1. Can you report the number of residues in region 1-11 which are touching a helix residue (DSSP H, G or I) at 6+ places or on another chain (Cβ under 7 Å) and open to solvent by 30 Å² or more (accessible area, probe 1.4 Å)?
2. Between a residue in region 28-46 that is under 17 Å from residue 13 (Cβ atoms) and any residue that is surrounded by fewer than 14 Cβ atoms within 10 Å (Cβ to Cβ), which pairs come within a Cβ distance under 9 Å, given they are 6 or more apart or on different chains?
3. Condition check: closer than 30 Å to residue 137 by Cβ and at pLDDT 95 or above. Does residue 59 satisfy that?
4. Can you pull out every residue in region 17-32 that is open to solvent by less than 60 Å² (accessible area, probe 1.4 Å) and out of contact with any Leu (no Cβ under 7 Å at 6 or more places or on another chain)?
5. Test of understanding: among 60, 64, which residue is among the polar types (S, T, N, Q), open to solvent by less than 30 Å² (accessible area, probe 1.4 Å) and either touching a helix residue (DSSP H, G or I) at 6+ places or on another chain (Cβ under 7 Å) or on the phi > 0 side of the Ramachandran plot (or both)?
6. Residue check: is residue 100 in a loop (DSSP other than H, G, I, E, B), surrounded by 15 or more Cβ atoms within 10 Å (Cβ to Cβ) and within 20 Å of the chain's Cα centre (by Cα)?
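The values are calculated or read from the model by the stated rules, or taken from the named source; none is laboratory data. All values reported here derive from a predicted model rather than from experimental measurement. Every residue, glycine as well, gets a Cβ built from its backbone with ideal geometry; the counts of neighbours run over all protein chains shown. What goes into the accessible areas is simple: the full protein's heavy atoms, side chains included, and nothing from ligands, DNA or RNA. Shrake-Rupley method; radii C 1.70, N 1.55, O 1.52, S 1.80 Å.
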Amino acid sequence: MIIAILVACEIAFWLLLGLALATRYLWKRRKLSTALLIAIPFLDVILLATAAIDMKGGATADITHGLAATYLAYSIVFGHSTIRWADAKFHHRYADGPPTPKPPPGGPDRTRYEWRFWLRIVLAYALACAVLLALTWWVNDPSRTRPLLEFMLGLIRVPVIAIIWPISHTLWPRKIESTKS
């Protein structure tokens, strides 16, 4: 059951986002668009609540329960910037808006950008772990919640792999070409 809810929430996310942006730029209904955008994070709350109820009802944790916590953490940390990015892309493509901003091309600004982004990944990981630990505590059955802890340990790979980018920009910063003659 939880896998169906997870898939439905993922589909609903993209449908709501697309509908919200079309409502804003194609149909010029900004208030309705804002309401649709505000509804998006509730999908992750619904998903997590479903996972928690499923486990409290006797289900053994699996990857879908871990993903429910991860989706919520992603939404909290990256949701606003993801929606802002999609909004800028849609605005540019369908409403003659300016092109989407790009990260700094190099130098210290790019290095700072990469470290800030990595710290946000660490924050998302920490939030996912906090949610998984809270779910483990709430269910209070180690035999059924052990997969949540294993999921959390496996999830550490994300910030560990992601640190490659800030370290590489720190050690080998890309030079910015001067436009002066």
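1. Initial filter on region 1-11 (touching a helix residue (DSSP H, G or I) at 6+ places or on another chain (Cβ under 7 Å)): 1-3, 5-6, 9.
Those still in the list that are open to solvent by 30 Å² or more (accessible area, probe 1.4 Å) too: 1, 3, 5.
Residues in region 1-11 being touching a helix residue (DSSP H, G or I) at 6+ places or on another chain (Cβ under 7 Å) and open to solvent by 30 Å² or more (accessible area, probe 1.4 Å): 3 in total.
2. From residues that are under 17 Å from residue 13 (Cβ atoms), the pairs are 33/27.
3. On the way: closer than 30 Å to residue 137 by Cβ: yes; at pLDDT 95 or above: yes.
When the stated conditions are applied, residue 59 passes them.
4. Let us first name the residues in region 17-32 that are open to solvent by less than 60 Å² (accessible area, probe 1.4 Å), namely 17-18, 20-25.
Of everything in region 17-32, those that are open to solvent by less than 60 Å² (accessible area, probe 1.4 Å) and out of contact with any Leu (no Cβ under 7 Å at 6 or more places or on another chain) turn out to be 17, 18, 21, 22, 24, 25.
5. On the way: 60 fails: open to solvent by less than 30 Å² (accessible area, probe 1.4 Å).
When all the criteria are applied, what remains is 64.
6. Here the answer is yes, as residue 100 does meet what is asked.
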